[in-house]
Amino acid sequence: MSLLIVGMMLTVVACSNSTSGKGDGGAESEKTVTFKLATPDPDSSPITVAAQEFAKVVEEKSDGSIKIDVHANGSLYGADPSAAVKQLGAGSLDMLVLSTSLYANFEPKFNAISIPYLFDDADQFVSFLNSDLSEELLNSVDEMGIKGLGYWTREYRQITNSVRPITQPTDLEGVKLRVPNNPLWVEFFKGAGTVTTPMDFGEVYNALQLGTIDGQENPIGVIESSKMHEVQDYLTISNHMAEAWLVGINQNKFDSLTEKQQQILRDASEEIQSWKADEDVANAEEIIELLKSEGMEVNELTSEQQEAFVEISKQAYPTFKELVEDDDYFDNVLEFVEKK
């Protein structure tokens, strides 16, 4: 079930024979624009590769009138995701691709996407991302000065550690596990007896190397691109949480585009959603084999083993509902995935 879920200032270069806006007849004329798009992960990571593909598709669809320069590793926002969202809304970032779980710091309903073991499979997850429930979340970032162009899928999250293979919840007892600074993660892993340690991702590799923490959890593409195999012994394919990538652009910069250019960005984002989902599935087995060759011991939870973790998640539903901060929305999500 492995899944297969922005820049300084806008530079506007006016074409010598074009003007912006609409002519007297209502037809829109094109201007050439260059955006900087920020991603949080390394150049070789699945999300940065997807962003580069997005830039390519946008340039082709716009006949070169929209150019996008991709900047990896959070370099444009000091690797501080909360600051990145604020900068995107303020306009000091042009475009940003960031995990939906990080937007939960601003709109708690985004937490619903990452409820552990919420989705049965990849198809159900994609169906949810393209539903009215997710559209409601996408539109909610309007109030922050951000135009949401769409969602891209992100691989399910897996667990690595240097203590033991994880085959049942009790194997996590006492393990010092880094989790994102989000109570959804803390609550779920706390239910398994894990010693959760919220920490910025940029600090994780060194903390693992020094033994400050025992493990971490992330999508498999991040585990590989961040070279976790150098500081971790065990990889558990747990598929415990889904996330998506929210593709955002500063609202004012989006509004400065012609309607045709705006539609190109939306269409390209939709195209990359399908492209990335296929890429994630195709790459998963290759990444696992690579990590094995680098010395990691890999185990995949069976359906029976996974069920024990599912029960921990279900027991935490009352707390998850509080984290979503909207009872009706939480209930509607559970109804959508037929878990109510």
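The values are calculated or read from the model by the stated rules, or taken from the named source; none is laboratory data. Since the structure is predicted, the reported quantities are computational estimates derived from the model, not experimental observations. Positions of Cβ are generated from backbone atoms using ideal geometry, with glycine treated the same way; all protein chains shown enter the neighbour counts.
Couple of notes before you dig in:
- Candidates Asp233, Asp255, Asp280, Asp267: the one that is touching a Leu at 6+ places or on another chain (Cβ under 6 Å) and charged (D, E, K, R) is Asp280.
- Where Leu177 falls short, out of the listed (1) part of a helix (DSSP H, G or I); (2) touching a Ser or Thr at 6+ places or on another chain (Cβ under 7 Å): (1)
- Of all residues in the range 283-340, those being farther than 25 Å from Ile237 by Cα and in contact with a strand residue (DSSP E or B) (Cβ under 6 Å, 6 or more places away or on another chain) number 0.
- Wholly enclosed strands (runs of 3 or more DSSP E) of the range 32-131 bearing at least 3 residues at pLDDT below 95: none
- Among residues of the range 201-214 that are over 22 Å from Leu102 (Cα atoms) and in the same structural domain as Ser99 (by TED's automatic domain parsing), none has a Cβ under 9 angstrom from a residue that is among the aliphatic types (A, V, I, L, M) and in a loop (DSSP other than H, G, I, E, B) at a sequence gap of 6+ or on a separate chain.
- The residues listed here are Asn161, Asn218; of these, the one that is touching a Phe, Trp or Tyr at 6+ places or on another chain (Cβ under 6 Å), buried (at least 21 other Cβ atoms within 10 Å of the Cβ) and either hydrophobic (A, V, I, L, M, F, W, C) or under 20 Å from Ser293 (Cβ atoms) (or both) is Asn161.
- Test: residue in the range 325-338 that is among the acidic types (Asp, Glu), exposed (fewer than 14 other Cβ atoms within 10 Å of the Cβ), at pLDDT below 95 and part of a helix (DSSP H, G or I): no
- Restricted to the range 93-133, and to residues there that are crowded, with 17+ Cβ neighbours inside 10 Å and of a type in the set (Gly, Ala, Ser), the residue that is nearest to Ile312 (Cα to Cα) is Ser114.
- Residues of the range 237-254 satisfying the condition of being surrounded by 24 or more Cβ atoms within 10 Å (Cβ to Cβ) and assigned to a strand (DSSP E or B): Ala244, Trp245, Leu246, Val247, Gly248, Ile249, Asn250
- In the condition set (1) closer than 16 Å to Arg157 by Cβ; (2) surrounded by fewer than 24 Cβ atoms within 10 Å (Cβ to Cβ), Glu173 is compliant with all but (1).
- Output for the range 194-236, where each listed residue is in contact with a helix residue (DSSP H, G or I) (Cβ under 6 Å, 6 or more places away or on another chain), more than 17 Å from Ser44 (Cα to Cα) and not in a strand (DSSP E or B): Thr194, Ile213, Val231
- Candidates Val231, Val186, Val247, filtered to the one that is closer than 29 Å to Met144 by Cβ and over 16 Å from the mean Cα position of the chain (by Cα): Val186
- Filter result for Ala72 (out of contact with any strand residue (DSSP E or B) (no Cβ under 7 Å at 6 or more places or on another chain), surrounded by fewer than 18 Cβ atoms within 10 Å (Cβ to Cβ) and among the hydrophobic types (A, V, I, L, M, F, W, C)): no
- Sole exception among (1) modelled with pLDDT under 85; (2) part of a loop (DSSP other than H, G, I, E, B) for Val12, by number: (2)
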